[in-house]
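This report concerns only the one structure given below.
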2 protein chains.
Amino acid sequence: MPAAILVVEDEPAIQELLALNLEHAGHSVLRARDAEQAAKLVRHALPDLILLDWMLPGQSGAAFARDLRRDERTKQVPIIMLTARGQEQDKVAGLDAGADDYVTKPFSPRELLARIKAVLRRRAPQRTEEPAEVGGLRLDPATHRVTADSRNLELGPTEFRLLHFLMTHPERVHSRAQLLDRVWGDHVFLEERTVDVHIRRLRKALEPTGHNRLIETVRGSGYRLAAMPTSEV
Amino acid sequence: MPAAILVVEDEPAIQELLALNLEHAGHSVLRARDAEQAAKLVRHALPDLILLDWMLPGQSGAAFARDLRRDERTKQVPIIMLTARGQEQDKVAGLDAGADDYVTKPFSPRELLARIKAVLRRRAPQRTEEPAEVGGLRLDPATHRVTADSRNLELGPTEFRLLHFLMTHPERVHSRAQLLDRVWGDHVFLEERTVDVHIRRLRKALEPTGHNRLIETVRGSGYRLAAMPTSEV
DNA sequence: TGATCGCGTGACAATTTGGTTACGGAATCG
DNA sequence: CGATTCCGTAACCAAATTGTCACGCGATCA
């Protein structure tokens with residue numbers, strides 16, 4: 001599983017070594033030389049994982065880690081600390097500061113990659129999301145099931161995500177651009193009409209349950225999931 | 001979370017130090033001076049975790065770890081290795097041999113306890129020895145038997161554990177990565193497709209009993225064991 | 001009223017994803 | 001040790017999914 005990894009390391013040679021190893025394993029790498037640079041990058045785009053040198057010029061790695069943990073948006077990003085060999089207190093302090101793991105320098109590429117993989121996996125299932133319920137519909141992320149009056153619906157992955165988003169933000173008009181951002185991810189470049197097609201597919205899937213009319217079109221603006229469908233006439 | 005921890009360490013002073021720390025943290029401690037003693041203890045009663053010195057008289061810690069990983073019953077018991085400071089290859093070899101983590105001597109009690117806690121937390125919910133029953137299926141960990149309507153199923157070790165995990169976590173979608181973690185152990189590095197093949201083998205084994213369709217594919221997400229198979233559309 | 005615009009709809013080709021089989025190697029069993 | 005089972009991976013195939021388009025219809029507006 002390729003991931004976006006931010007490497008925060010002031011020593012150019014080590015940074016390069018890290019980047020090479022990570023890229024060779026298929027990850028994409030962002031680099032920063034100090035906490036300040038790193039903070040800027042993080043603000044711009046959340047990485048999947050941060051490799052953080054303990055000894056940094058300026059703000060220390062530990063302080064930076066603490067900052068990250070304090071910020072609501074970066075709270076969840078796993079951190080692996082790089083410490084000098086045998087700095088025992090550092091390790092403890094690092095774990096205290098919120099690091100998920102640490103690797104000692106000089107590091108073995110294999111171990112580094114192993115730990116990265118382990119941390120990423122451990123993080124993955126942590127989002128325990130609650131089932132959503134709107135109208136007669138029920139969607140459970142954990143079981144990945146959608147039921148309408150005890151009837152089971154079959155949805156493709158995208159339709160599932162789309163419906164999930166709508167159900168967690170009901171009664172509100174979402175533009176096509178917003179939906180592309182929130183459901184597909186803000187890095188994709190797709191035609192806005194694509195949304196129409198998926199809305200159509202969703203409606204079609206809902207149809208046999210009688211819960212169509214749930215997704216309403218707001219002409220000129222976008223779509224909305226109505227908790228209580230507008231009665232006709 | 002008090003746990004039963006087996007400490008394998010030949011140096012009496014260190015063993016004592018470890019035991020004191022662990023007991024002070026509420027764990028119960030079993031002690032062994034070498035691999036042979038340890039093997040005997042493990043056979044008698046499975047510990048929740050093994051603290052294993054790398055340098056042991058007689059059989060080395062690495063060899064012992066490998067043995068543990070080979071044995072079906074001890075395969076899942078997490079191992080934390082104790083290595084001398086700075087023995088970098090040892091660490092890698094230890095992880096290869098199946099260790100879940102390592103701690104370098106001299107160790108900080110705080111770090112040790114933190115790592116133990118982390119490893120235990122990762123492993124926690126999979127410790128049931130109760131027979132599981134889902135659909136018409138029954139799986140008994142004690143007798144290592146799987147029966148479907150009084151028909152007996154022949155499963156390989158991996159398929160058995162896979163089915164066991166699914167049956168103890170039914171209705172929930174598990175990604176391939178999650179399954180690798182929970183069924184194989186998070187120290188292994190396998191292709192995700194491997195899961196597919198084992199799922200296939202499981203389904204095949206289930207087939208003659210009529211209890212196929214029990215394991216459902218959730219496209220784009222993973223697999224799920226359905227308590228009540230989805231009625232056809 | 002004619003021109004546009006917005007959206008529903010069905011079709012399509014390309015891409016993903018999962019199912020299935022085959023195979024070599026390791027481990028296990030007689 | 002031979003035979004056999006078990007396992008992980010690669011390769012190939014079938015099916016599902018996806019993003020786009022073209023077409024048509026009703027609404028909107030000048």
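The values are calculated or read from the model by the stated rules, or taken from the named source; none is laboratory data. Everything numeric in this text was worked out from a predicted model, so none of it was measured. Positions of Cβ are generated from backbone atoms using ideal geometry, with glycine treated the same way; all protein chains shown enter the neighbour counts. Quick note on the areas: whole protein, heavy atoms, side chains included, nothing else; ligands and nucleic acids left out. Shrake-Rupley method; radii C 1.70, N 1.55, O 1.52, S 1.80 Å.
Points worth noting:
- Members of the stretch A:13-28 found to be in contact (Cβ under 8 Å) with a residue 12 or more places away in the chain, on the phi < 0 side of the Ramachandran plot and either open to solvent by 30 Å² or more (accessible area, probe 1.4 Å) or within 14 Å of chain B (Cβ to nearest Cβ) (or both), listed by number: A:I14, A:N21, A:A25, A:S28
- Every residue from the stretch B:144-191 that is at pLDDT below 90, more than 20 Å from B:A227 (Cβ to Cβ), more than 14 Å from chain A (Cβ to nearest Cβ) and within 16 Å of DNA strand D (Cβ to nearest atom): B:H144, B:R145, B:N152, B:E154
- The stretch A:199-219, residues that are away from chain B (no Cβ under 14 Å), surrounded by 18 or more Cβ atoms within 10 Å (Cβ to Cβ) and within 13 Å of DNA strand D (Cβ to nearest atom): A:I199, A:L202
- Among the criteria (1) assigned to a loop (DSSP other than H, G, I, E, B); (2) in contact with a helix residue (DSSP H, G or I) (Cβ under 6 Å, 6 or more places away or on another chain), the one A:V77 does not fulfil is (2).
- A single entry from B:L180, B:L206, B:L112, B:L162 fulfils the requirement of being closer than 23 Å to B:I79 by Cα and more than 18 Å from the chain's Cα centre (by Cα): B:L112.
- Some residue of the stretch B:149-157 being outside any loop (DSSP other than H, G, I, E, B) and under 18 Å from the mean Cα position of the chain (by Cα): yes
- Options A:T194, A:T230; residue that is modelled with pLDDT of 90 or more, surrounded by fewer than 17 Cβ atoms within 10 Å (Cβ to Cβ) and farther than 20 Å from B:R172 by Cα: A:T194
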